[in-house]
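Read through the structure below, which is laid out as structure tokens, and then see the notes.
We did not get these values from a lab; they are worked out from the coordinates using the rules stated. Computed from a prediction, not measured in an experiment: that's the story for all the values here. A quick note on method: Cβ atoms are made from the backbone with ideal geometry, for glycine too, and the neighbour counts reach across all protein chains shown.
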Amino acid sequence: MQIPDQLRYTKNHEWIRFEDDGTAYVGITDFAQDQLGEIVYVEVETVGDTLDKDEAFATVEAVKTTSDVYMPVAGEVLEFNPRLDENGDNEPTLINSDPYGEGWIVKIKVSNPEQAQELLDAAAYKAMTA
């Protein structure tokens, strides 16, 4: 199971990668995609919305189940990954094959960077999922 050191994680199995310009990319972890199984659909209806930390921003549907995905920090949802969108490339399995790269779900503008301090680092996330 991959757990990149440069990311931060939530107890709900989301990851976030902060960029220098105040934006961040958010997705679900390798552990989460493995637990869900083959992902067949991703729905994001929150583009343009400003959401609080822990508020649901997406729904991921797998063969076995459906799961909400939550904001790791407060922010505005700027973009839904067009490679996952059914109106774009429609490749939701990118979350299975590359959860930390091409399988990102949304790009956000971070409203409260201080909330990053509440997130898990790679070592803490690894200990939680062990």
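Projecting the Cα atoms of LEU51, LEU36, ALA74 onto the dipole axis of the chain, where Lys and Arg carry +1 and Asp and Glu carry -1 at the beta carbon, places LEU36 farthest toward the positive end.
Computed over every Cα-Cα pair of the chain and binned at 5 Å starting from 0, the pair-distance distribution P(r) comes out as 2, 12, 24, 25, 22, 12, 3, 0 percent. Here the spin labels are modelled as points 7 Å beyond Cα on the Cα-Cβ line, and at MET128 and ASP89 they lie 2.8 nm apart.
Shown in residue order for the range 33-39 are the 3J(HN,Hα) couplings computed by the Karplus curve 6.51 cos²θ - 1.76 cosθ + 1.60 at θ = phi - 60°: 5, 5, 5, 6, x, 4, 8 Hz (x for Gly and Pro). Classified by the C-alpha gyration tensor, the range 81-123 has an oblate form. Its axis ratio a/c, with a ≥ b ≥ c, is 1.5 or above, and a/b does not exceed b/c.
Please order MET128, MET1, MET71 by the number of other Cβ within 10 Å, starting at the fewest.
Fewest-to-most ranking of MET128, MET1, MET71: MET1, MET128, MET71.
Counting lysine pairs in the chain that sit 8 or more residues apart in sequence, or on different chains, and whose Cα atoms lie under 25 Å apart gives 10. For the range 55-118, a/c is not less than 1.5, where a ≥ b ≥ c are the root eigenvalues of the C-alpha gyration tensor, and a/b tops b/c. That puts it in the prolate class.
On full extension of the chain, what length is gained from ASP121 through GLU102, given 0.36 nm per residue of separation minus the C-alpha to C-alpha distance?
That pair, ASP121 and GLU102, stretches by 4.7 nm at full extension.
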